[in-house]
Every structure is written in C-alpha cells, then in structure tokens.
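Here the structure comes first, spelled out in structure tokens, and everything after it is commentary.
Computed from the coordinates by the stated procedures, all read-outs in this text should not be read as laboratory data. All figures in this text were calculated on a predicted structure; none of them were measured in a lab. Every residue, glycine as well, gets a Cβ built from its backbone with ideal geometry; the counts of neighbours run over all protein chains shown.
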Amino acid sequence: MPDPIYDTFSRDELMPLVPSLFVPGSFLQRAFFPEVFEFDTAEVYFDRVLDDMRMAPLVAPLAPGKIQQPRGFRKETIIPASMKPKNQITGKEVLQRMAGEAIGGEMSAADRAAAIREMYLTQHVERITRRLEWMASSILRTGEVTLTGEDYPTTVVDFDRVNTHTKALTLTARWGESGVSPYANVDAWINEVAEESGAAVDIAVMTGDAWALFAADPMVEKVLDRTLGQTAALDLGFTPGMAGAPQFKGRIGSVEFYVYNDVYHTDALSKQQLLPDYTVLLGSRGGYAGAKLCGVVQHAENEWRPGELFPHEWIESNTGAHFIETITAPILAPKRVNASLCVTVR
C-alpha cells in the first residue's frame, strides 16, 4: 500500500510497474547468458568443471584396474558491483504536462507522478540491460570484463579463455584481401572451438561490415540456407526490424548467422558501438552455458532477500525531495568460456 504520509509505494507494488517489454540491445545476453541465478549472499559463484581427456590405462588381463582420480571442479567466487540508477521526481515535472499530453494538461498531478514513476523505472531497466549487454560483449570478445566506477575500484574479471580464441587478422590475411576465403576461415575457427571446448558452434554473430565480406565469398552463396527467415530471431523473443534486434541471415549446417550491433551513450553522451567494426563472434550456446548471477541487494528495506531487481522510493522528510531507485548486483559468467571465439577480420 502507498505510504499514508508520503504517498510512496512498497517494493512489492513497485515491481509490477517494471514493464516486461523488449529492451533494445539484449541479444547477446539472451543468446549466450539466458539463465538467471539469484543468490542470498553478496558473493556469487559458479563451478568450472575441469576438462579430463585422459585415455584408459592399459594393464594385463589378470591385473587389477587402476583407480582414476577425477580432476573435479573449481569453484569461482565473485562479488559483483552494484548498479543503482536513480532519479528525483520533482514538482516541476509533476505540475507541468508530460510529453504527448494535451496542451494545458489533462492529467491530475497524482496521475502524472505515477506515470513519471513508471517512466523512470523503465529507464532504469533499460540502462541496466545496456550495461549487461556491454558486459556480454566484453566477455564474448576478450574472455574478460573490466569493471570500474567512480566509487568502485577497477576490477578485472578474467574467465581464463585461451589466448588463441581472441584473434585479429592483419595484412594479407584480412577479409577482403585477394585470396582470402572468409568461409574457410569461419570453418576453421568452428573446428578450433570444438577442439578446445568439446562444444559444437551453433551461432555466429557479425557486425554488418564483417557480414558483407563474408557474404561476398562465392562459397557462402552456395551453402547458405535462407529458408528459416526471421523465425530464429522470433524464437529469442525479438521482433524483426526493431532497434537492437538481430537480423537473421541464414544457416550453414547447424550454425545460425546473425548481423547485430547496438550503440550506447557514455556519461558524456558520446555514441559508442557495442561491437567494434569487423567483429565476428562464434559460440556454442549450450556449451557456453552463460548465466546472469545476481548477488543479494544489500539494502535494509530489501530484508536481504535474493532477487534480480530491487526498486524502491523514498521522500526526504527535511527537504521533501522524492527519489526513485532500482538496485541490482549482477555479473555475467560462462560455464565454458572456451566455447566462444572472437575475431576482428579487418
């Protein structure tokens, strides 16, 4: 119920106000980090199973068998940085008409305040999603992510991907150069992922300029199956043509090919690309098995409960300032980081 004194809402009432809408720029998260795990501690962890590819020992027919000690797994623990987008609902906003409202205003101040509250909550979710998509891009491109903030010490979270899974073609090996076959390159890189991780690549994500060079290879035209149409993107919950939605280009064997990029603004409002030009990402969704790990939101009003988002609002009694904030403490993590590979092809 709203606070009888300050007319603010409880967390349980704020949660339904966070709309379940498509947020631009979430393709990498949905494709490679689809699961969500909520922890009741500040730390989050995942178990990395260590590869064991030893052969069976050879012994004489009547000799006893040899006990094979399993390599087991390694528990990795991370304390995620918190995200806390926050806004103030001011009297100027509440008492003046909103964008799209009839000239002179047609909403009451209370209705306008509720609409502003929901608008800010939506913006919070969008900004959190953009940060997570940036995080996904970094992990898929480099195998690590660097977290830094004004009140957060710079921390590098390295998932220990093999160095050969981050490549940059140079000189005459670049796509678009004479004698270079992008199709042959991608085929070789798919085999690299399989040899290193044991996982079969089933998705390739390219920026538009990289796709143009790939599609120009005569071999691609021969083997590319375009019959699936956009249903692959629909299966991931995207509407073709919407900003931030991937463009499904076709399938070669069991590998789906997408063109995707998105942009975001820095704090200085300069525009940045999510993926650098000429980027190619290859991955096995099932093998990569990425997830969003959410630490508990450390706020007394949250009562230390696990959860993905904690929206709340308050009014400062001495100034009357009305604030609304959404808190979350997530990090993205893959179970098998070597089931991905990134190449800058030009």
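The distance separating the Cα centre of region 282-346 from that of region 140-213 comes to 25 Å.
Taking the charge dipole of region 69-163 about its Cα centre, with +1 at Lys and Arg Cβ atoms and -1 at Asp and Glu Cβ atoms, the residue from Ala115, Ile79, Gly105 reaching farthest to the positive side is Ile79.
What per residue convex hull volume, in Å³, do the alpha-carbon atoms of region 255-346 yield? Don't skip to the answer; put the middle values down first.
Numbers: hull volume 14.3 nm³, N = 92.
Taking the convex hull of the Cα positions in region 255-346, it is 155 Å³ per residue.
Residues whose amide H lies under 5 Å from that of Leu224, counting only those 5 or more places away or on a different chain, are absent; hydrogens are built 1.01 Å from N in the peptide plane.
Quick one: in region 78-165, what % of C-alpha pairs are over 17 Å apart?
Values: 2413 of 3828 pairs.
Result for the distance tail: 63 percent.
Which links in Lys249/Lys292; Lys222/Lys249; Lys292/Lys335 stretch past 23 Å when you go from one Cα to the other? The pairs that break the limit, which is 23 Å between Cα atoms, are Lys249/Lys292.
Neighbour counts of C-beta atoms inside 10 Å place Met219, Met206 in the sequence Met219, Met206, starting with the fewest. Ordered by the number of other Cβ atoms lying within 10 Å of each residue's own Cβ, fewest first, Val297, Val157 fall into the sequence Val157, Val297.
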